[in-house]
1. How many residues are without any contact (Cβ under 8 Å) to a residue 60 or more places away in the chain, part of a loop (DSSP other than H, G, I, E, B) and surrounded by 11 or more Cβ atoms within 10 Å (Cβ to Cβ) when one looks only at region 208-221?
2. What's the total number of residues in region 72-112 that are closer than 19 Å to R142 by Cβ and in a loop (DSSP other than H, G, I, E, B)?
3. Is one or more of the residues making up region 223-237 touching a helix residue (DSSP H, G or I) at 6+ places or on another chain (Cβ under 9 Å), more than 26 Å from Q54 (Cα to Cα) and not in a strand (DSSP E or B)?
4. From P30, P45, grab the single residue that is touching a Cys at 6+ places or on another chain (Cβ under 6 Å) and at negative phi.
5. Of the conditions (1) open to solvent by 20 Å² or more (accessible area, probe 1.4 Å); (2) touching a His at 6+ places or on another chain (Cβ under 8 Å); (3) at negative phi, P114 clears all except one; give me its number.
6. Being open to solvent by 10 Å² or more (accessible area, probe 1.4 Å) and among the hydroxyl-bearing types (S, T, Y) is the filter here, so list the residues in region 123-141 that pass it.
7. Can you pull out the residues in region 67-91 that are open to solvent by 10 Å² or more (accessible area, probe 1.4 Å) and of a type in the set (A, V, I, L, M)?
8. Do we have any residue at all in region 36-44 that's over 20 Å from G175 (Cα atoms), touching a Ser or Thr at 6+ places or on another chain (Cβ under 8 Å) and modelled with pLDDT of 95 or more?
Amino acid sequence: MTKGLTMDALIPPGTSAELLYTGAAWTEGPAWLPRTGRLRFSDIPNNRILDWDQASGETTVAHAEAEFANGRTLDQQGRIVQCSHGRRAIEREGADGGTEILVDRWEGGRFNSPNDVAVAADGSIWFTDPPYGLHPSGREGRPGPQDYEGCYVFRFDPGTGVASPVVTSMTHPNGIAFSPDGGTLYVSDTGFYGPHPEAKHILAFDVDGGHAAAGRVFATVPHGASDGFAIDREGRLWSSAGDGVYVYAPDGGLLGHVPIPETVSNVCFGGDDGSDLFITASSSLYRLRTLTTAPHPPTGL
């Protein structure tokens, strides 16, 4: 582990994760909605989007028949941008709850099944495109063929309406996030579920405008997969794993582990001051009180 910083500096001593909701098939895509005080997340196999309300503690269905929505974030205007396995698209939700497709193809072919998404400082939308929604089981999407050979990370420019591949060297790019200064892009590879057992790490890419340089291995979680992750204000990376959440310093050094009794799929910061870490894990949603915050104050829907 990296010396000089303990988990007591990141999490109040004696604090453990609090169960907020259970009863889903597989939770994913957490995003804090500051204007409503709600945590939005997906129950992908049940094809629904859920909201946990901070004031009441209740969880309700925000959208049924949600086309297997997965990862989501907020854009610079506070609108929800999310990945749709079913529509094979990146879509945006307005204040009225309506959804519009922003982009669903590249060079005439459809995407595989956009999985997770991050918004860059210039407003561009970067997303991963593994094939999990196309699986014949239909558990997380609609079975079908890939329209292009490979699984890329794309950058979508809302101004031009054009999507372009920025990372083409990964097996199954999955989780995605930017460092607080926007100069580093983190992407996890979960290709070990398929034909490449070595593809089980988080890569870091230096970003220059709309381009990403060759990636370098940043970290590998000890158990399970780094499916999704969040970055805090100091650039530390909080990653999902098979047995909880692992926290890494900006240099890739392991700082510690937060045990969760279910397989963790993703995390995000939220709450009134951005210091709550929300954790989607198998059938449940958890909250962990921390001593850090998201890089930017919460704004949005």
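The values are calculated or read from the model by the stated rules, or taken from the named source; none is laboratory data. Owing to the predicted nature of the structure, the values given are computational and were not obtained by experimental measurement. FYI the Cβ positions are ideal-geometry reconstructions off the backbone, even for glycines, and counts take in every protein chain you see. Calculation scope for accessible area: heavy atoms of the full protein, side chains included, ligands and nucleic acids excluded. Shrake-Rupley method; radii C 1.70, N 1.55, O 1.52, S 1.80 Å.
1. Residues in region 208-221 being without any contact (Cβ under 8 Å) to a residue 60 or more places away in the chain, part of a loop (DSSP other than H, G, I, E, B) and surrounded by 11 or more Cβ atoms within 10 Å (Cβ to Cβ): 4 in total.
2. Looking only at that region, the number is 7.
3. Yes, region 223-237 contains a residue that is touching a helix residue (DSSP H, G or I) at 6+ places or on another chain (Cβ under 9 Å), more than 26 Å from Q54 (Cα to Cα) and not in a strand (DSSP E or B).
4. Result: P30 is the single residue among P30, P45 that is touching a Cys at 6+ places or on another chain (Cβ under 6 Å) and at negative phi.
5. Of everything listed in (1) open to solvent by 20 Å² or more (accessible area, probe 1.4 Å); (2) touching a His at 6+ places or on another chain (Cβ under 8 Å); (3) at negative phi, P114 misses just condition (1).
6. Correct list: Y132, S137.
7. L74
8. No; the residues of region 36-44 include none that is over 20 Å from G175 (Cα atoms), touching a Ser or Thr at 6+ places or on another chain (Cβ under 8 Å) and modelled with pLDDT of 95 or more.
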